[in-house]
1. On average, how much accessible surface per residue is there in segment 598-657, in Å², for a 1.4 Å probe, leaving out ligands, DNA and RNA?
2. With each label point set 7 Å from Cα along the Cα-Cβ vector, what nm distance links A107 and T58?
3. Take the Cβ-Cβ distance between Q566 and N629 as r, set R0 to 60 Å, and report the resulting FRET efficiency rounded to the nearest 0.05.
4. Grab the other residues whose beta carbon is less than 14 angstrom from that of L113, score K and R as +1, D and E as -1, and report the net.
5. Whole angstrom only: what separates the Cα centroid of segment 618-671 from the Cα centroid of segment 547-585?
6. Report ³J(HN,Hα) in whole Hz for each residue of segment 128-139, in order, from the Karplus equation J = 6.51 cos²θ - 1.76 cosθ + 1.60 where θ = phi - 60°; Gly and Pro get x.
7. Using θ = phi - 60° and the Karplus curve 6.51 cos²θ - 1.76 cosθ + 1.60, what whole-Hz ³J(HN,Hα) does each residue of segment 562-574 get, with Gly and Pro shown as x?
8. Longer than 26 Å from Cα to Cα, which of K420/K552; K226/K510; K117/K199; K149/K186; K126/K149; K420/K510 are they? Say none if no pair is.
Amino acid sequence: ALALTSALSATLCAAPPPPAASTDLPVREIALFSSGVGYFQHEGPVRDNARAELQFKTAQINDLLKSLVLQDLGGGTIGAVTYPSQDPVEKTLRSFQVDITGNPPLADLLNQLRGAKVTLSAGAEKLQGTILGVEVRDVPGGEKSGPLKAAFLNVIATGLGIRSVAISDVRSLQFDDAALQAELEKALAALSAARDKDKKTVGLAFNGKGERSVRLGYVVETPVWKTSYRLVFGGTDAKPRLQGWALIENQTENDWNDVKLSLVSGRPISFIQDLYQPLYVQRQVVQNETYASVKPQVYAAGRPQAPVDAKAGGGAGYAEPKRGIVTGSYIPTAETEGPLPVTIYSADQLRRGADISSIEPTAETREVGELFQYSVAGISLPRQRSAMIPIVNDDIDAEKISIFNPRVERAFPLNGARLKNSVKLHLLGGPVTVFDEGRYAGDARIGDVPPGQTRLLSYGLDIQLPVMVEDVKSNQLITSGKIVAGVLQLSRKAVSSCTYVAENKSTRPKKLVIEHARLGSDSKLAETALPTETTPELFRFDVAIAPGRTEKFPVREERVLSEVMQLVDTSRDDLVLLVKEGEFPAQVRESLTKAASMQQGLEAGKREIAAREQQINAISEEQKRIRENLKTAGEKSEYGVRLLRKLNEQETTIERLQGEVLALRKKLETQQQDLADYLKGLNAA
């Protein structure tokens, strides 16, 4: 770090180097990543002080500023890297002495250059002097148009005083100040550079002596490179062949000539940060402090202050102001002396005080595969062109099969292949076009296949091998159970079975791969041939079928499930069903039977309460009708007396039913407590 600082200091403090000669640094090495970025390395010879220029798209400048690395391999030093400003062109133009923002007319342009020395020709007259300003006057027009407005340039001409020249008569005008002329040319150059907003020129400086090599590298966004394959099946004795192509695109501003190309499959962390856009900090505007005249004061009547004990706060008549931590707004007063105490917490203290116990990670982790690459030398590709590069062309272990999965196709399997990567290269996932004995057979897709691993691929429908799924059965059996503190822990066995029936209607033998969906990742096969492959979701079985033959392949699968039931919340009917269908030890069965009996008593009590409450509701509805009739008949009529007698009888019945409900509720509470006490300490196995 010290050596680097010293080198930079020497570079900055040294005398300016001689003008640098322009040099060309071609691309020599490229690494394209499947994550959408590419590393580009340029290298070439330079002599003495040299300068190189590279073209980039505007969108690539941020990546360039983040990743550019330069090396002078001959002991030279690295100069400044220059690039066009990203400021809006209007802001850039305003930074020059000559403001050409908004395409000003000549009159406005000259008016803003008041005081500049110029040499101009107007008609036959040639003047040299200083611009005084531009004014607009009325000049005679046509007979019908009336006076017209015309701009006149006022110049203090050398030896001639103030001369006024119509701008329309000016044939030529030149600024005598070379610096002002240069500013105008710079402004026009900035305006010209802003036209091509998608391309930027980056200048690189290398300072040193003699001939030497320099190198630079950077990472920019690039199109993702892709792969595609052709799988060719020949005759009976021919070995299957795999041909793989990499699809690359040169979307840079440079041609690739005889470069070393690496195609890398990996996911380096890459991001975009806006380093190109100038950032401006919003600053506070501070007004100059002004002092007003002292305002005449009006004093209110005072009141004598009781003296303060000197021991309690200094001398007599002086009260020590209270100190403390102030929350909210703080308004200083004349009585307050010194700063208020402030508690400062360190970042570590704040972190320790934060409660992060409830924060849980939400992202899922998964394996993304190994990092691997293809290297190809001598690649040439002009800018804005694409190419297919062969990366694999070799025999491969592949076997034609038919793949049946009823979730994909219910009646027929798919023509496919079991492909083993025997080419000793990592095969990146991509599309596969399959040819069978010189004919197009279909398209397939394949994932990443490391060397030595096997994958299936499918590319068409095999209508010569219909498959049916018969005798589909599924049920669950309770195999065991125990009771722990009133909780029934059950073990159930889920059993699923079916038979696959396949008929080979072709004249060739077929190998059928059956993909059987598993009940779960922990399911087991019973009374079934071992699978060829197993995944967490599937069992794969290989079945050989001769021409004209029909084969049946039965599959039986079992899975053990665990279940927990709170007996206090289980109904009597469910308990009876468990006792009837489950295979339990005698102690567990007896305990469940007793719990069912107690639940039966609870349910009977609930039904009795509900029946009486229903009677009460029915009588109450009837009483509403009687009271309405009583209003019409009157209480002293014969019919009214009869209604009053009936209301009295109903009230007696309601009181009796309410008493019975109260007694039944107390009984039900006792039964519920008895059941809870029984189950609380119930353990059986």
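The values are calculated or read from the model by the stated rules, or taken from the named source; none is laboratory data. As the structure is a prediction and not an experimental result, all values here were calculated from the model. For neighbour counting, all protein chains shown are included, and Cβ atoms are generated from backbone atoms with ideal geometry for every residue, glycine included. Side chains are part of the model used for accessible areas, which takes the heavy atoms of the whole protein and leaves out ligands, DNA and RNA. Shrake-Rupley method; radii C 1.70, N 1.55, O 1.52, S 1.80 Å.
1. About 70 Å² of surface per residue is accessible.
2. For the pair A107/T58, the computed spacing is 3.4 nm.
3. E(calc), rounded to 0.05, equals 0.70.
4. Details: positive: R114, K117; negative: D99, D108, D176, D177, E183.
Every neighbour counted, the sum reads -3.
5. Result: 53 Å between the Cα centres.
6. 9, x, 10, 5, 8, x, 10, 10, 10, 10, 7, 10
7. Those phi angles translate into 10, 9, 10, 10, 7, 5, 5, 9, 9, 6, 4, 5, 5 Hz.
8. Those over the limit are K420/K552; K226/K510; K117/K199; K149/K186.
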